[in-house]
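The values are calculated or read from the model by the stated rules, or taken from the named source; none is laboratory data. This structure is a prediction, so every number in the text was calculated from the model and none was measured. Cβ sites come from the backbone with ideal geometry, for glycine too, and all protein chains shown count toward neighbours.
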C-alpha cells in the first residue's frame, strides 16, 4: 500500500477491525517513510461491474460516486451514518448479486431512488430532481403526488400504508 502523503511504498498495519455492519475491514496504517497514519477500508467485491452511461460509454462502477450522491441527498436529514452505510452496502450488494456484469446508469439511479423513497421522502425528492434533471415545477408536483399515494416517509421513519 502506497502512502497517500509521501508515496512511500511500504506501510505497516497498526490495527484492523470490522466495520459496524460487518461488511468491511478498517485498517489503521502507518507509513514507514514519513510516519503519517491513515485508514484504509477493505470490502468484498463479488465481481467487476461496468456502468453503461446514457450516451453509450462504458465506465467502471464507482462505489464512492454512488455514496457521494446518496450522502448529498441525505445531507441534514435525520438518517445516521450507520444507516446510510447500510443503505449503500445494500445497493452495492443488489448490483453485484444481479448477475449482470454491465448495468445501465438508469438502473442504478432507479435502484437508489427506490431505496431513498423507503427511508426519507425529502432525500428521495432531492435525488430524483437531480437524477431526472427536473427543469419545471410540474415535475416536482408529479413526484410529490406519487409520494402521497405511496405514503412515503418524510421524517426518516418508516410508515405503514393502511
Quiz item: Considering only segment 134-145, how many residues are exposed (fewer than 14 other Cβ atoms within 10 Å of the Cβ) and in contact with a helix residue (DSSP H, G or I) (Cβ under 9 Å, 6 or more places away or on another chain)?
Solution: 2
Practice problem: Consider residue 129 carefully, then state whether it is part of a helix (DSSP H, G or I), more than 12 Å from residue 66 (Cα to Cα), assigned by TED's automatic domain parsing to the domain that holds residue 70 and within 15 Å of the chain's Cα centre (by Cα). | Solution: no
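Find the strands (runs of 3 or more DSSP E) located wholly in segment 36-84 whose residues include 2 or more that are within 26 Å of residue 7 (Cα to Cα) and outside the structural domain of residue 99 (by TED's automatic domain parsing), and list them. Spell out how you get there, then give the answer.
Numbers: elements: 37-43, 50-52, 58-60.
Correct list: 37-43.
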Quiz item: Looking only at segment 96-126, which residues are touching a strand residue (DSSP E or B) at 6+ places or on another chain (Cβ under 8 Å), surrounded by fewer than 20 Cβ atoms within 10 Å (Cβ to Cβ) and in a helix (DSSP H, G or I)?
Solution: 105
Exercise. Answer with yes or no whether residue 3 is in contact with a strand residue (DSSP E or B) (Cβ under 6 Å, 6 or more places away or on another chain) and outside any strand (DSSP E or B).
Key: yes
Exercise. Give me a count of the residues in segment 59-74 that are surrounded by fewer than 18 Cβ atoms within 10 Å (Cβ to Cβ) and touching a residue at least 24 places away in the same chain (Cβ under 8 Å).
Key: 2
Quiz item: Of these, 33, 22, which one is farther than 18 Å from residue 94 by Cβ and either in a loop (DSSP other than H, G, I, E, B) or at pLDDT below 90 (or both)?
Solution: 33
